[in-house]
2 protein chains.
Amino acid sequence: MTLPSSDSPLRVGVAGLGTVGAALARLLLTRAQELSAEGARPLRLTAVSARDASKDRGFDASGLTFHANAADLARDPNVDLVVELIGGEDGAAKSVVEAALETGKPVITANKALLAAHGLQLAALAEKSSVPLLFEAAVAGGIPAIRALRDAVPGQKVTRVSGILNGTCNYILTRMENEGIAFDDVLADAQRLGYAEADPTFDVDGFDTAHKLAILTSLAFGTEIEASDMYVEGIRAITPDDMAAAAELGYRIKLLGVAQLTDTGIEQRVHPTMLPLDSTLAQINGVLNAVAIDTDLLGEIVLSGPGAGGDATAASVLADLQDLARGLEPKPLRLPRGTLRPYQKARMRAHEGGYYVRLSVVDKPGAFAAIAQRMAEHGISLQSIVQRRKPTDTGPHSHQPVIIITHETMELSVREAMDAIVADGHVNAAPQIIRIER
Amino acid sequence: MTLPSSDSPLRVGVAGLGTVGAALARLLLTRAQELSAEGARPLRLTAVSARDASKDRGFDASGLTFHANAADLARDPNVDLVVELIGGEDGAAKSVVEAALETGKPVITANKALLAAHGLQLAALAEKSSVPLLFEAAVAGGIPAIRALRDAVPGQKVTRVSGILNGTCNYILTRMENEGIAFDDVLADAQRLGYAEADPTFDVDGFDTAHKLAILTSLAFGTEIEASDMYVEGIRAITPDDMAAAAELGYRIKLLGVAQLTDTGIEQRVHPTMLPLDSTLAQINGVLNAVAIDTDLLGEIVLSGPGAGGDATAASVLADLQDLARGLEPKPLRLPRGTLRPYQKARMRAHEGGYYVRLSVVDKPGAFAAIAQRMAEHGISLQSIVQRRKPTDTGPHSHQPVIIITHETMELSVREAMDAIVADGHVNAAPQIIRIER
């Protein structure tokens, strides 16, 4: 690390003054006393960068150098380390991080998209310059999940890391469950309230969760980050019928990111799941996040808390800043870049687990038996099957929902059985399939 | 720190070879590879101490120096640091920790009783010798709660730390709830199964929770450890009637340790609580533990996982060992001993919160009205009051349970109202009072 180990202040430059950046600047300016620890260098905010210099962000910027160009902030001689809070996997965010690392300045970032896309390259760059690259705030906001994987499980074999990593999805699912209303309606309301973006794709289709999961996977299993080659399914297809069936069967629907060691490699998958109502993750409602870490020695530990928000995310940045002020130099991805193993993908079709299947069955004699027969042909053992006629669905073209819960089986078997049932003409809509997790 | 920063092995001595000590020794002997990290010194187990040298503990002790006297292990020139897993607040445990610190050797301990009683003195001793004293395993077993308080919340104001800290109590309460059976019956079964000690006082009367809470309080609020001057109430008085009432009202009964900042000081209290069924801590069942940390920036984060067990507790010791191998030197109690503020106790009678009260009311005309009147006289606002005659309780000397849930009120008011109700002769047993937490 190029920083002198002295009592001289560690001069902080903050790139990006959105909600998190402004909260961080306020905290650095008002909590100097609380942030100074014995044996640690004092922290001093010296420079910021943002598009608009004049906007009031709730702190006095008069003593700070303002850079219109973030990369200039990285090269500012009065900046010892850079906090990147711009966001986005390329552009200004990438430029400022690269410029800082190349200049031998430590970087703290909350940017999961950047790390998912370029984390390996940036880790190598940080190692080459012998400076830390820290990112506690990039995953699960204020929850110390990164440091748990980095510091708390040495010598253990991590077998699974999973989590509720996107507050927007969790908020939508919680409201769908509590109020019995449809996805589109909750989404519109969430957008109105500012809990969802105007273009919600990144959140509700699972990509944000995928980015965060890719980072956790690398730390958990000592593998290279691989965010583009994983199974990703969002929450748009979840219906009030699924919510009602879940409640009746003792489950709650959550969007999970799961990375799991299997015999054939690592499963990385993002999809809606049925969680038993009494599981810890099932209790994480609204905008909260949670991360579960399973190891051979611990069983499971779960960390939950705020996944977003200016102060909560800034708090994680403060913890990283404090680590740097104390002179810590953890490797960005826990292990040296050169020792990370390639990510070996387990095939999703080989995934094993329980399944929830909801079929819209055409009301013809024998349909029910034919469906059960197709499941049996594919070796799928059923835990329960519920056929319930809706009072309004009568007449020659009526259909009725059939809910099937399987015992543990293989994804491929379920897909093939569904293909056969669809081909048989017994259903009038695509089967809804939701994986069951514990 | 007196250890040379080199690649030479860090020679570990383990004092105490019970469940945790034996698990740790096995791990150190079999996971040298996994435990060695770049930039960290390798860990090597060189010496152990226990009462019985010959007992088979599942590892090959032939290459290790055996000390019958733990203090000798601390002075062994082939031991660089000591892990104390003997237990107990005095005796051999205290001797070996003191001997190690005085000799300038770092200490890792899982001994909450020792820390609760002598933590301040030992922290001062460690600082005097400039060696670390680490104790992640002393609170909540495998959960990284100590390092969360130490590393993850700098610059934040902690307002409350609470937790389910005793697995024996939580196991007993969970079985009482699930099976509807009495405390004594579950305790006897737990003793038979090895989940409770022959003398269960330490666990079920709340003292173990109090010790752990005292350590968390010091870290959370920067105060001196004070374990003897706190409100402690165990779980012996909880009845199946309370369990049934809790379930009906949407609560679950848990033994919590709570340390909370108030206007008049810090409340440290250990007692059964009614937790809303949908709260995160209410889901922590069986032998699991959990710690919740509330700060001004984060709101609440909750960490849950195994609170005991050989491997899980040894895993926390391994994390501390890894910190030492990397050359970290955190202050034992986060802040230097000399800057810890005295613990200013908030008076329990000034505690404010909701209350559950179960009264066994003598079946006389007007009793119900008189009770409600007494509550009103003491300014207690009632959220609900349920009077339900049991079918078997009839006749002139019959009585019936009355369950009262109060809105937020002051402990003193509840106590005075209860005294008045008892003095009025309307109840034939001491009132059951359980505080409601969120």
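The values are calculated or read from the model by the stated rules, or taken from the named source; none is laboratory data. Computed from a prediction, not measured in an experiment: that's the story for all the values here. Heads up, the Cβs are rebuilt from the backbone with ideal geometry, glycines too, and the neighbour counts pull from every protein chain shown.
Structure summary
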read-out: Matching residues, region B:385-429, being surrounded by fewer than 18 Cβ atoms within 10 Å (Cβ to Cβ), at pLDDT below 95, in contact with a strand residue (DSSP E or B) (Cβ under 9 Å, 6 or more places away or on another chain) and not in a strand (DSSP E or B); value: B:R388, B:R389, B:K390, B:D393, B:H397, B:S398, B:G425, B:N428, B:A429
read-out: Residue match in region A:328-340 (condition: farther than 17 Å from A:I146 by Cα and among the hydroxyl-bearing types (S, T, Y)); value: yes
read-out: Residue check for B:Q322: polar (S, T, N, Q) and closer than 30 Å to A:P330 by Cβ; value: yes
read-out: Subset of region A:334-384 [over 27 Å from the mean Cα position of the chain (by Cα), among the basic types (K, R) and at pLDDT below 95]; value: A:K364
read-out: Considering residues of region A:312-333 that are surrounded by fewer than 22 Cβ atoms within 10 Å (Cβ to Cβ) and touching a Ser or Thr at 6+ places or on another chain (Cβ under 9 Å) only, the residue farthest from the other protein chains (Cβ to nearest Cβ); value: A:G327
read-out: Filter pass, B:E300 being out of contact with any Cys (no Cβ under 6 Å at 6 or more places or on another chain), farther than 30 Å from B:I405 by Cα and not in a helix (DSSP H, G or I); value: no
read-out: Criterion violated by B:G305 - all others in (1) within 8 Å of chain A (Cβ to nearest Cβ); (2) touching a Leu at 6+ places or on another chain (Cβ under 8 Å); (3) surrounded by fewer than 24 Cβ atoms within 10 Å (Cβ to Cβ) satisfied; value: (3)
read-out: Of residues in region B:174-196 being part of a loop (DSSP other than H, G, I, E, B) and surrounded by 20 or more Cβ atoms within 10 Å (Cβ to Cβ), the one modelled with the highest pLDDT; value: B:A196
read-out: Check on B:Q344, within 11 Å of chain A (Cβ to nearest Cβ) and of a type outside the set (S, T, Y); value: no
read-out: Long-range neighbours under 9 Å by Cβ, at least six apart or interchain, first residue over 21 Å from B:G250 (Cβ atoms) within region B:423-438, second of a type in the set (S, T, Y) and assigned to a strand (DSSP E or B); value: B:V427/B:S360; B:N428/B:S360; B:A429/B:S360; B:A430/B:S360; B:P431/B:S360
read-out: Region B:239-275: number of residues that are of a type outside the set (D, E, K, R) and under 27 Å from B:K345 (Cα atoms); value: 19
read-out: Scope region A:303-347; condition more than 27 Å from A:E34 (Cβ to Cβ) and part of a strand (DSSP E or B); matching residues; value: A:R341, A:K345
read-out: Residue within region A:255-266 that is away from every other protein chain (no Cβ under 14 Å), over 20 Å from B:T280 (Cβ atoms) and charged (D, E, K, R) present; value: yes
read-out: Subset tally (residues that are in contact with a Ser or Thr (Cβ under 8 Å, 6 or more places away or on another chain) and within 12 Å of chain A (Cβ to nearest Cβ)) for region B:123-133; value: 1
read-out: Meets criteria (within 14 Å of another protein chain (Cβ to nearest Cβ), of a type in the set (V, I, T), free of Cβ contacts under 8 Å to residues at least 60 places away in the same chain and at negative phi) for A:T103; value: no
read-out: Strands (runs of 3 or more DSSP E) (entirely within region B:61-173) containing at least 2 residues that are of a type in the set (A, V, I, L, M, F, W, C) and either out of contact with any Pro (no Cβ under 9 Å at 6 or more places or on another chain) or modelled with pLDDT of 95 or more (or both); value: B:81-84, B:107-109, B:158-164
read-out: Pick from region B:253-265, criterion among the β-branched types (V, I, T) and over 15 Å from B:I293 (Cα atoms), ranking: surrounded by the fewest Cβ atoms within 10 Å (Cβ to Cβ); value: B:T264
read-out: Single unsatisfied condition, A:G286 versus (1) over 29 Å from A:Q33 (Cα atoms); (2) facing chain B (nearest Cβ under 9 Å); (3) not in a strand (DSSP E or B); value: (2)
read-out: Residues of region B:223-234 that turn out to be surrounded by 15 or more Cβ atoms within 10 Å (Cβ to Cβ) and closer than 18 Å to B:M348 by Cβ, as a count; value: 8
read-out: Identity of the residue in region A:292-302, among the aliphatic types (A, V, I, L, M) and at the interface with chain B (Cβ under 7 Å from one of its Cβ atoms), that ends up surrounded by the fewest Cβ atoms within 10 Å (Cβ to Cβ); value: A:L297
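Okay, residues lined up against (1) farther than 25 Å from A:R147 by Cβ; (2) in contact with a strand residue (DSSP E or B) (Cβ under 8 Å, 6 or more places away or on another chain); (3) not hydrophobic (A, V, I, L, M, F, W, C):
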site	(1), (2), (3)
B:Q156	no, yes, yes
B:G163	no, yes, yes
B:I172	yes, no, no
B:Y195	yes, no, yes
B:D205	yes, yes, yes
B:G234	yes, yes, yes
B:A237	yes, yes, no
B:D242	yes, yes, yes
B:A259	no, yes, no
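Residues checked against (1) more than 14 Å from the chain's Cα centre (by Cα); (2) touching a residue at least 12 places away in the same chain (Cβ under 8 Å); (3) outside the structural domain of B:V153 (by TED's automatic domain parsing); (4) farther than 24 Å from B:S384 by Cα:
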position: B:D208; (1), (2), (3), (4): no, yes, no, yes
position: B:H211; (1), (2), (3), (4): no, yes, no, yes
position: B:G222; (1), (2), (3), (4): yes, yes, no, yes
position: B:A227; (1), (2), (3), (4): no, yes, no, yes
position: B:D241; (1), (2), (3), (4): yes, yes, no, no
position: B:A244; (1), (2), (3), (4): yes, yes, no, no
position: B:A259; (1), (2), (3), (4): no, yes, no, yes
position: B:G265; (1), (2), (3), (4): yes, yes, no, yes
position: B:P276; (1), (2), (3), (4): yes, yes, no, no
